[in-house]
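Below is one structure, written out as structure tokens, with a few remarks after it.
The values are calculated or read from the model by the stated rules, or taken from the named source; none is laboratory data. Worth saying up front: this structure is predicted, and the values here are computed from it rather than measured. No Cβ is skipped: glycine too gets one built from the backbone with ideal geometry, and neighbour counts run over all protein chains shown.
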């Protein structure tokens, strides 16, 4: 971008798990970054910070998107068990706020609106076939339905868009499933997962950041929807093995039939937990890779870097 006017990118959720490394990467790549956040977060030098209220109330986005060329909308509401959150709260934060922002971006003449949706807009916590973008979306919970509704709002807003559906994301500062798996792998005990050959697609946060930067620099992504994941799905037993090897330990896995876990989770009313760790969820990323994108790192390297970071892990999606 030397000798050219720098495009200005608005990033929502800029203080979040994805937002912070994204803002840093955009700034390092030469973009002018406007970071929208509710928190007083420290950003790299030159990043413009804009404080916004909680998305539960309407926001006047027009002055915020004024002068902006590109928008990356990462902010939203997610929860491991979305049944605990009212439907109208999901709708307000994930659909309506996205609709308001996308409409303001359209009025401002934004040239690309990248919406970070979720694989859950397409399917539930598991799938019995490899997922493709052309599959009919069938979300199974409030979170997934609100993200699919938000995608439809973006398409209807009249702004040039790219929709990204990441799978579960790992990286520094873990929450939810990856944090749980990381803590289990840290236990000084054998783990009963040697029989868990079920595969899950996962995604390093640095790989997602690289995918977003790729989308911003490739006009062919406009008007398209993409599933994004690390290069290869990982069997649960292999994931535990990677986590332990990254800590310099042996896998230490023992065999217990997965059916026992499925029965136990079902009996205590936590079938959804089984779907998240015991069933498969594999996505095909060839549509995006066909444009030339390649992940920044392999899964093992990303997991090792995660364990070296603060909080020892991270999730989204």
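Just the residues that are part of a loop (DSSP other than H, G, I, E, B) and over 23 Å from the mean Cα position of the chain (by Cα), please, taken from the range 43-60.
Answer for the range 43-60, where residues must be part of a loop (DSSP other than H, G, I, E, B) and over 23 Å from the mean Cα position of the chain (by Cα): 45, 46, 57, 58, 59, 60.
Restricting attention to the range 254-304, report how many residues are farther than 24 Å from residue 243 by Cα, at pLDDT below 90 and not in a helix (DSSP H, G or I).
Number satisfying all stated conditions: 3.
Among the candidates 208, 227, single out the residue that is at pLDDT 95 or above, within 19 Å of residue 166 (Cβ to Cβ) and either assigned to a helix (DSSP H, G or I) or over 19 Å from the mean Cα position of the chain (by Cα) (or both).
Step by step, each of 208, 227 is checked, and only 208 is at pLDDT 95 or above, within 19 Å of residue 166 (Cβ to Cβ) and either assigned to a helix (DSSP H, G or I) or over 19 Å from the mean Cα position of the chain (by Cα) (or both).
For residue 133, indicate whether it is part of a loop (DSSP other than H, G, I, E, B) and modelled with pLDDT of 95 or more.
Yes; evaluated as a whole, the condition is true for this residue.
Mind checking which residues of the range 138-189 are within 19 Å of the chain's Cα centre (by Cα), outside any helix (DSSP H, G or I), modelled with pLDDT of 95 or more and surrounded by fewer than 18 Cβ atoms within 10 Å (Cβ to Cβ)?
Within the range 138-189, 138 is the sole residue that qualifies.
Can residue 36 be described as within 16 Å of the chain's Cα centre (by Cα) and either crowded, with 21+ Cβ neighbours inside 10 Å or within 30 Å of residue 234 (Cα to Cα) (or both)?
No.
Quick one: which of 243, 253, 263, 281 is surrounded by 14 or more Cβ atoms within 10 Å (Cβ to Cβ) and more than 28 Å from the chain's Cα centre (by Cα)?
253
Test residue 220 against the criterion of being in contact with a helix residue (DSSP H, G or I) (Cβ under 8 Å, 6 or more places away or on another chain) and in a helix (DSSP H, G or I), and give yes or no.
No.
What residue, among those in the range 78-128 that are assigned to a loop (DSSP other than H, G, I, E, B), at pLDDT below 95 and more than 20 Å from the chain's Cα centre (by Cα), is surrounded by the fewest Cβ atoms within 10 Å (Cβ to Cβ)?
Result: 128.
Working only within the range 23-42, note down all residues that are part of a loop (DSSP other than H, G, I, E, B), more than 22 Å from residue 107 (Cα to Cα) and modelled with pLDDT of 95 or more.
Residues satisfying the conditions are 29, 30.
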